[in-house]
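The values are calculated or read from the model by the stated rules, or taken from the named source; none is laboratory data. These numbers come from a predicted model, not from an experiment. Quick reminder, even Gly has a Cβ in these numbers, built from the backbone with ideal geometry, and neighbours come from all protein chains shown. In case anyone asks, the SASA skips ligands and DNA or RNA and just uses the protein heavy atoms, side chains included. Shrake-Rupley method; radii C 1.70, N 1.55, O 1.52, S 1.80 Å.
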Amino acid sequence: MRRGGKVFVPSPQPPESVLILGNTKHPIPKGVLSQCVGAFLALVLLPSAAQAQDAVGGASRLDIRADFSDYDENLGIAKAWGDVEVTYENVTIRADQIEYHSSTGNIFARDNVRILQDGQVIDAEEIIYNIHTGETTTSQFKSALEPVFISSDDVLRPEEGSGDPIVMHDAYFTTHDSASPDYHIRVKKLEVYPDDKIVMRGARVHVGNTPLLWFPYYVQPLDEDLGYYFTPGWNSAWGAFVLNRYGFMVGENYNAKAYLDFRSERGLAGGVEFFDRKFRNNPNIGRLNLYYAEDNNPQLAFTGANRVNPPPNERYRINLQHRVYLPGSDDDTFYLDFDINRLSDAFFYQDFFPNEFLIDPRPDNIINLGKIFERGEISLTGRFQVNEFFQTDTRSPELALDIIRTPIGDSGFFYDGLTSYGLIGEELDTDSILAGIVEPSGFNRFHTYHEFLFPTKLGFLDVIPKAGVGYTNYSNFDIPGFGSIDRTLTHAGLDISFKMSKRSPHVQSRALGLDGLLHVVRPYVYYSVVGTDDLNGRFSPIDRFTPTTRLRPIDMPLFTTVDDIRSWQIVRAGVSNRWFTMRNGASYEWLTLNNYFDTYIQDPEFDRNVSNVFTELEWRPLPWLAASTTAQVPVFNDVLDFTEFTTGIMFMPTKWFQLGLRHYFIDDHPFFGNSDLYTVTTYSRLSDNWGFSTAHRFEADDGTLEFQQYTIHRDLASWTASLGGIVRDNRQTDKEYGVVLSLTLKAFPRLALPVDFQPGGLGADPGAR
């Protein structure tokens, strides 16, 4: 027996593990401690003897500290007791006793067990964990897994990966983080599906110590979108306003949000939004949004200006984004996607949902039938004009087969290709039609492209020669007198690169998050040449170039502007640098730097000789420090000699202060106006209950402070309150001023009606007094 010793174990893996008690090594077969599944337990496997000798500086380490420790080689039982503390990376386990039985794989932690991980705290009197099955059993369990606080006399954790829930009997449940919560729920049987939902059977709702309701069966998702929220405030465009939202469940599989909003300058508005929980990890599908406003002042724009041709008073939105799987499993069948967006007018998003307007001011309308298979995807897409006030290119429909890069047997060659046929058109908006603008041509289009590659190595060089051919046919033009147009294209390319690396295991810096360093350098040169027919005359391309500050793709399978393919000959050269370190036992990308530019033998757009030089940098050394920049400068002073920078940094120098900085600069671009835009955000934690945040956006090019926001935050236990002032300069009228009060009911039990009950209904608990 060792007294007052430290159990020190370098990281890692079985088969033969070593537990070091004081200065004595005792082999323990098959590992000693293992990481627990979910947030309920976090223990780790002990390393092999060889690994114990080899582990140095950079390796992750397991520390077990105890007043007493012992190991019985005959029984295969390792013990540590008397104020035991186990530390592994971000996990700390404390208990009066920890015992491991190598014959069964069971780990016992007894008496005053506490596990801390990523700010979460789990308390229990006893935990039994099997390293082979992952099954966990606890007694007198307490958990602080925000926003849920649970205790139970009996907990069963199923085998890892089984999909079964964590089951608790005689459980106590609340979301109010207080020693004396305002409410709690006692449940006969509680089933927790991590990151999904909680199922309660025989639940009593208590306010204080008084029983209020009894639920024989209740389902509650672990979703912050549920419950009641409201935001009062005032600004120049809406006047005084109050925005109300109530989230609730519809059965077990759907969430809903009901809205009732009042804006003094516009009137009453409201709606409802439904979400399919099946697609909760994909925000682009599984939702239906209905919203209607009787606008008293439609001539007033959100910017404060008055419109000459105002929209109607009856204003609305209907948005449906959904996916339907046709008969078969979700992974092995066709799916039908709907993206339908009907608006009452072109200004609805701008006036009522300005944040959505900034992201997607002209929403699409698409129905797509598709199937993804191992080597590609087949799709039948319809795209159409639902909102006549938005110009839209249409597909009526388009059938496409897209094959990803696929090996051709064992030949070493690869193939990828695309074939499509569609009825392509373009519908102008009503303003263009009234102005007498001639509607662009529609046509039928058949397009096919096929490319072959042969990746190989020549000494230290990675070489990928590639060659492709394509053909496009246009027919059935809407413009009279147009016949059929044929176009062929050929593409040849050569990618050359090589890698160099250097390991520096002794580079250590806790301040910079460095645990060893691996530097990988990859110089590369891509050559691409395309030859095709010019489409001149009255032909009007629909899938065409749009202005951009970025370089066009030179890999033909990635080139989507089919109607605007032009002959080119381009060499893209660059150097990629990547630095890796160890983080949580795995490789972590600490810093990336990529520099590149194009040399034009034949430029398809601007008759350039050389492009700007691009630099892309991303640095993520620590959870509280990150920086990135994308820059291009006219080093060679060619035709397009503009400059562009996009830089951002997030920095949290102390636990109570966070700073965010962004800078965007562009100068002398032929299509985009000059800008020198600075954005600064701060958050200061004044105390446990008070905080203060600011946001500023300043356009230095014309000296305009476009946006200011100052907000004070208050934690009110069950509520979070924010009171802020906003000043916005739109450069059109007088400045816009606003006041926003936000009250978030954070700790109220989000037990929203309607609820989902089993037969038997809802009634008073006969045992309640």
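Largest first, what is the accessible-area ranking of Glu736, Glu126 with a 1.4 Å probe?
Glu126, Glu736
Using a cut-off of 15 Å between alpha-carbon atoms, which aspartates and glutamates can reach Lys197, once sequence neighbours fewer than 8 places away in the same chain are excluded?
Once the sequence-local aspartates and glutamates are set aside, what remains near Lys197 is Glu146, Asp164, Asp223, Glu224, Asp225, Glu252, Asp276, Asp756.
Where does each of Met650, Met249 land when they are ordered by accessible area, with a 1.4 Å probe and the largest first?
Per-residue accessible area, sorted high to low, gives Met650, Met249.
Taking the range 326-429, which GluC sites (Glu not before Pro) meet the DSSP loop condition and have no more than 15 other C-beta atoms within 10 Å?
Passing both the DSSP loop test and the Cβ count: Glu374, Glu388.
Over 26 Å between C-alpha atoms is what I'm after, so list which of Lys257/Lys278; Lys79/Lys189; Lys466/Lys502; Lys457/Lys502; Lys278/Lys371 land there.
Lys79/Lys189; Lys466/Lys502
So, taking all protein chains as they sit and a 1.4 Å probe, how much accessible area belongs to Val155, in Å² rounded to tens?
10
Tell me the accessible surface of Asp416 in square angstrom (1.4 angstrom probe, heavy atoms of protein chains only), to the nearest ten.
For Asp416, solvent-accessible area is about 10 Å².
Over all directions, what mean area does the Cα convex hull of the range 351-466 project, stated in square nanometres?
One quarter of the hull surface, i.e. the mean projection, equals 12.0 nm².
Calculate, for the range 243-336, the solvent-accessible area per residue in square angstrom, rolling a 1.4 angstrom probe over the heavy atoms of the protein chains.
51
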